[in-house]
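To start, the structure under review is shown below, and the notes come after it.
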């Protein structure tokens, strides 16, 4: 069976990263922005694992780093959601455009 | 005694401090302290004088010097240099100051602020003495400015009178104009000679000329320096064109006029020229400038004095005229003659002013046309005034005869450009001097009283006032004998370099006495025997009379200049300062800052997603830069 070329994984990661970036920059709801951030982080994970499998020679550096990223993504999601809830309590809205007090 | 000579300027300064700090409330204490200090200075000056009299001229004269400022490698000195010129001035200044201070008690002891008055007098004496004993240009400048300050304080003593307040400002400002030239001269000397010391500069100039390194006929910069210094003398000694402050200075108390504006401060200019005579005599150009300004002032002031009606103003213009004589003498090479006239003039002019003060004290008025016949009521004042008049007119054997004729001789023999014109002017001025002084005498002391109320009230002044009058009268008679031709005591004492005593032309002496007598006779004709009528003359030559009475309208001309030209220029600059500097540059910088800030703040939208976009954009740019 022919191997899947590594490039396909990279394309996938790139596309996922782009969709995530789109979400971060464009979406109005704060939760949607957080979802975009998660997507970007996972795209990066796929990238690492692809390289680790194809060109790692059994080196575990890649997968270990991926575990770190997953952990931190989880922690960061928790913190970010706490912040969003705080903001919602103040502004009564989860729309990022409404949080512009630092305008100047 | 000479080692204590530094006390002479210091003691009055201490008296000033003590009066200001401690004895303000007690008029008698302040006056007593001031007078005693001055007496001490006078006796010290006499002691110093007697020692210098016996000094061997080949030895260098005493020069005590202390460093007060050290800016490496240069040191500023303050010191005391006593040579015959200085010893002469010390005697004049301390004696006249002492007599004026004694007189002031009689004249002004009822004034509330007499303590301040005596403190200012002490400060003035200290400043004048600092000037006189100076051994370097910086110190003479310090003394110069200080006497200007004291003149301001004393002229404006009755500052609540608007005329006095204006007069003291005018005196100070006009002086300052002359001082600008003086400062430039002093700085130039510092730059050129790298020292401010009189002796060192003198040596450098004489050596430079003797060795041929400096040729005065080709290179005139020493004349330039001398003329700059002379600007100061023009201001301080009230020569034309900076003469305008002296008549107005008569707003001050009369003893002040006697001390400052007759005998001492105005003599400072003459003294300074004599001190720096090496610089002046190096180049005929500076001598010509000095002689002509002096001669012109002498004649100019005498013509104005003829038409004045205030007793002090007449004396003020007389002072201007006599100062002109002194300056002219110095310019004509008559170092000794100029200083001798300074000495004799101090005696009889102080006497004239103090006498005028006595008259004013008696009749409470300064207008000569409200006086008359005061001889009967104020015999001592009138007698001493007559002696002073005879002295100033140059009648033999009073003091003025010897000094004035010495000056006339010096001008006649000098090498000044067209000195014969100067000589003619000086002789005519002598005629005018006799005329206007005796006009004053006849109108005030003889004839019938014009204002009976004032006449009835008139009384002779107390001894504190008549005492100094008598001392000065004695001097006005005898001081001239110091230089009796043949004896030449003064010429042998005060002279420049190796100059020998000048020959006294007795023929011209008798001719000048004749001219003076003619002036007196003319004055008598107008004002005593009334053979001619002054009023008819004034009517017939009305334009001339008005010109003289209004002092050739110089005050009006200067006033116009200040009002229109100076203030006009000032308002243009004011506009520039307000519009361009304040609004444009200062406010403009602020405006620019705010605008830039406004532009930059457009990037702070407050939307987090905009910030995220910028971050991503930056990453993209960096990626592109790195990969290509």
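The values are calculated or read from the model by the stated rules, or taken from the named source; none is laboratory data. This one's a predicted model, so the numbers in the text were calculated from it and none came from an experiment. Note that each Cβ is placed from the backbone with ideal geometry, even for glycine, and that neighbours are counted across all protein chains shown.
Here is a yes/no grid of residues against (1) at pLDDT below 85; (2) closer than 21 Å to residue B:535 by Cα; (3) out of contact with any helix residue (DSSP H, G or I) (no Cβ under 7 Å at 6 or more places or on another chain); (4) not in a helix (DSSP H, G or I):
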| position | (1), (2), (3), (4) |
| --- | --- |
| B:401 | no, no, no, no |
| B:406 | no, no, no, no |
| B:411 | no, no, no, no |
| B:423 | no, no, no, no |
| B:433 | no, yes, no, no |
| B:438 | no, yes, no, no |
| B:448 | yes, yes, yes, yes |
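Could you look through segment A:11-34, keep only residues that are touching a strand residue (DSSP E or B) at 6+ places or on another chain (Cβ under 9 Å) and more than 13 Å from residue B:612 (Cβ to Cβ), and pick out the one that is farthest from the other protein chains (Cβ to nearest Cβ)?
At the first step, the residues of segment A:11-34 found to be touching a strand residue (DSSP E or B) at 6+ places or on another chain (Cβ under 9 Å) are A:28-30.
With more than 13 Å from residue B:612 (Cβ to Cβ) added as a condition, the list becomes A:28-29.
On the way: A:28: 9, A:29: 12 Å.
Going through the qualifying residues, I end up with A:29.
Out of (1) modelled with pLDDT under 95; (2) in a helix (DSSP H, G or I); (3) within 11 Å of chain B (Cβ to nearest Cβ), what's the single condition that is false for residue A:52?
Every condition holds for residue A:52 apart from (3).
What's the number of the condition residue B:18 fails, among (1) out of contact with any strand residue (DSSP E or B) (no Cβ under 9 Å at 6 or more places or on another chain); (2) in contact (Cβ under 8 Å) with a residue 40 or more places away in the chain; (3) surrounded by 14 or more Cβ atoms within 10 Å (Cβ to Cβ)?
Only one criterion in (1) out of contact with any strand residue (DSSP E or B) (no Cβ under 9 Å at 6 or more places or on another chain); (2) in contact (Cβ under 8 Å) with a residue 40 or more places away in the chain; (3) surrounded by 14 or more Cβ atoms within 10 Å (Cβ to Cβ) is unmet by residue B:18, namely (2).
Read through the list (1) in contact (Cβ under 8 Å) with a residue 60 or more places away in the chain; (2) within 25 Å of the chain's Cα centre (by Cα); (3) within 28 Å of residue B:518 (Cβ to Cβ), then give the number of the only condition that residue B:423 fails.
Here residue B:423 meets the rest and fails (1).
Can you report the number of residues in segment B:268-302 which are part of a helix (DSSP H, G or I) and over 19 Å from residue B:409 (Cβ atoms)? Steps first, answer last, please.
Looking only at segment B:268-302, we keep the residues that are part of a helix (DSSP H, G or I), and these are B:268-275, B:277-281, B:284-302.
Now narrow it down to the ones that are over 19 Å from residue B:409 (Cβ atoms): B:268-269, B:271-273, B:275, B:278-280, B:284-286, B:289, B:293, B:296-297, B:300-302.
Final tally of qualifying residues: 19.
Let's see how each residue does on (1) in contact with a strand residue (DSSP E or B) (Cβ under 8 Å, 6 or more places away or on another chain); (2) surrounded by fewer than 24 Cβ atoms within 10 Å (Cβ to Cβ):
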residue	(1), (2)
B:244	no, yes
B:250	yes, no
B:255	no, no
B:261	no, no
B:267	no, no
B:270	no, no
B:273	no, no
B:276	no, yes
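Considering only segment A:60-79, I want to know if a residue exists there that is exposed (fewer than 11 other Cβ atoms within 10 Å of the Cβ), over 24 Å from residue A:16 (Cβ atoms) and more than 14 Å from every other protein chain (Cβ to nearest Cβ).
no
Among the residues of segment B:113-133, is any touching a residue at least 40 places away in the same chain (Cβ under 8 Å), in contact with a strand residue (DSSP E or B) (Cβ under 6 Å, 6 or more places away or on another chain) and either part of a helix (DSSP H, G or I) or over 21 Å from residue B:236 (Cα atoms) (or both)?
Yes, there is a match, as at least one residue in segment B:113-133 is touching a residue at least 40 places away in the same chain (Cβ under 8 Å), in contact with a strand residue (DSSP E or B) (Cβ under 6 Å, 6 or more places away or on another chain) and either part of a helix (DSSP H, G or I) or over 21 Å from residue B:236 (Cα atoms) (or both).
Yes/no per residue for (1) more than 29 Å from the chain's Cα centre (by Cα); (2) surrounded by fewer than 17 Cβ atoms within 10 Å (Cβ to Cβ); (3) at pLDDT 85 or above:
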| site | (1), (2), (3) |
| --- | --- |
| B:481 | no, yes, yes |
| B:497 | no, yes, no |
| B:505 | yes, no, no |
| B:530 | yes, yes, no |
| B:540 | yes, yes, no |
| B:543 | yes, yes, yes |
| B:550 | no, yes, yes |
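Report, by residue number, each residue of segment B:134-166 that is more than 15 Å from the chain's Cα centre (by Cα), buried (at least 24 other Cβ atoms within 10 Å of the Cβ) and part of a helix (DSSP H, G or I).
Within segment B:134-166, B:137, B:139 qualify.
Considering segment A:20-31 alone, what residues qualify as being out of contact with any helix residue (DSSP H, G or I) (no Cβ under 6 Å at 6 or more places or on another chain) and part of a helix (DSSP H, G or I)? Break it down into steps so the answer makes sense when it comes.
Narrowing segment A:20-31 to residues out of contact with any helix residue (DSSP H, G or I) (no Cβ under 6 Å at 6 or more places or on another chain): A:21-22, A:26, A:28-29, A:31.
Hits for segment A:20-31 are A:21, A:22, A:26, A:31.
If a residue counts only when it is in contact with a helix residue (DSSP H, G or I) (Cβ under 6 Å, 6 or more places away or on another chain) and touching a residue at least 40 places away in the same chain (Cβ under 8 Å), which helices (runs of 4 or more DSSP H) contained entirely in segment B:518-588 have at least 2 such residues?
So the answer is B:542-549.
Which one of B:327, B:314 is under 23 Å from the mean Cα position of the chain (by Cα) and either over 30 Å from residue B:111 (Cα atoms) or not in a helix (DSSP H, G or I) (or both)? Can you show your working first?
Details: B:314 fails: either over 30 Å from residue B:111 (Cα atoms) or not in a helix (DSSP H, G or I) (or both).
Matching residue, one of B:327, B:314: B:327.
For the structure I just gave you, tell me whether residue B:586 is surrounded by fewer than 12 Cβ atoms within 10 Å (Cβ to Cβ), modelled with pLDDT of 95 or more and either more than 14 Å from every other protein chain (Cβ to nearest Cβ) or closer than 29 Å to residue A:102 by Cα (or both).
Values: surrounded by fewer than 12 Cβ atoms within 10 Å (Cβ to Cβ): yes; modelled with pLDDT of 95 or more: no; either more than 14 Å from every other protein chain (Cβ to nearest Cβ) or closer than 29 Å to residue A:102 by Cα (or both): yes.
No: the conditions fail for residue B:586.
What about residue B:356, is it under 23 Å from residue B:443 (Cβ atoms) and within 17 Å of the chain's Cα centre (by Cα)? I'd like the intermediate steps shown before the answer.
Working: under 23 Å from residue B:443 (Cβ atoms): yes; within 17 Å of the chain's Cα centre (by Cα): no.
No, not satisfied.
Of all residues in segment A:80-99, count the ones that are assigned to a helix (DSSP H, G or I) and within 14 Å of another protein chain (Cβ to nearest Cβ).
Restricting attention to segment A:80-99, the residues satisfying the condition of being assigned to a helix (DSSP H, G or I) are A:80-91, A:96-98.
Okay, now just the ones that are also within 14 Å of another protein chain (Cβ to nearest Cβ), so A:80, A:83-84, A:87, A:91, A:96-98.
Of the residues in segment A:80-99, 8 are assigned to a helix (DSSP H, G or I) and within 14 Å of another protein chain (Cβ to nearest Cβ).
If the requirement is being farther than 25 Å from residue B:247 by Cα, touching a helix residue (DSSP H, G or I) at 6+ places or on another chain (Cβ under 6 Å) and within 14 Å of chain A (Cβ to nearest Cβ), which of these qualifies: B:619, B:614, B:608?
Numbers: B:619 fails: touching a helix residue (DSSP H, G or I) at 6+ places or on another chain (Cβ under 6 Å); B:614 fails: touching a helix residue (DSSP H, G or I) at 6+ places or on another chain (Cβ under 6 Å).
Of the residues listed, the single one that is farther than 25 Å from residue B:247 by Cα, touching a helix residue (DSSP H, G or I) at 6+ places or on another chain (Cβ under 6 Å) and within 14 Å of chain A (Cβ to nearest Cβ) is B:608.
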